[in-house]
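These notes are about the structure you will find just below.
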Amino acid sequence: MPTAAVQQVEVEFPTEVIPVEHRLPSRVISARVAADDFFGHQPTSTSSLPDPQPLIENLARCVIEILAGARDLDQVARWITDDVQRHLLRRVVLSARARAAKGQKTVRPAFTIGTVRTCEPADGVVEAVVIVRGRTRVRAVAIRLEGLDRRWRASAINVL
């Protein structure tokens, strides 16, 4: 059988630069709809959302357990925004360091949910304060829920 000979071909490309004024204009395709308007979170009115009371109580309970180290932060990721998750992650790390410095073990906290106060400053927004009574202290959990993509999501959570 004859063997095929491989030929190497050298191609020279022009090295001259075409001035800007002599170039053809490039075609720019602009979007008719802004990407954030179409693909971003869509606000939802309060009338299209379920009662926020159970979510408020459960989020307060979960946040106290997360800070105590008895619950994983990823368990509430569905109901909180990315900013809240980063904020809670910082608090979890600080709480874990404090427990390690004191030599305390992780224990599920014993507490009861007390008074829940809610208000609606705007359509699709609920702000609430939940009083949490523990054995040695009483805490307040402030939560802001916003209606996004036809469900409630917590956009702010602070434990006082």
For region 133-160, what are the residues that are over 29 Å from Gln42 (Cβ atoms) and surrounded by fewer than 15 Cβ atoms within 10 Å (Cβ to Cβ)? Arg133, Gly134, Arg135, Thr136, Arg137, Val138, Leu160
Part of a helix (DSSP H, G or I) and either surrounded by 12 or more Cβ atoms within 10 Å (Cβ to Cβ) or free of Cβ contacts under 8 Å to residues at least 40 places away in the same chain (or both): is that true of Val92 in this structure? yes
I'd like the full set of residues that are modelled with pLDDT under 95 and either in a strand (DSSP E or B) or not charged (D, E, K, R) (or both), limited to region 135-146. Thr136
Can we say Arg97 is crowded, with 17+ Cβ neighbours inside 10 Å, without any contact (Cβ under 8 Å) to a residue 24 or more places away in the chain and more than 26 Å from Gly40 (Cβ to Cβ)? no
When region 61-82 is checked residue by residue, the ones that are exposed (fewer than 12 other Cβ atoms within 10 Å of the Cβ) and either of a type in the set (Phe, Trp, Tyr) or in contact (Cβ under 8 Å) with a residue 12 or more places away in the chain (or both) are Gln75
Looking at Ile131, Ile64, which one is out of contact with any helix residue (DSSP H, G or I) (no Cβ under 7 Å at 6 or more places or on another chain) and either at pLDDT below 95 or outside any strand (DSSP E or B) (or both)? Ile64
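The values are calculated or read from the model by the stated rules, or taken from the named source; none is laboratory data. Because the structure is predicted, anything quoted here is derived from the model rather than measured. Please note: Cβ atoms are built from the backbone with ideal geometry, for glycine as well, and neighbour counts cover all protein chains shown.
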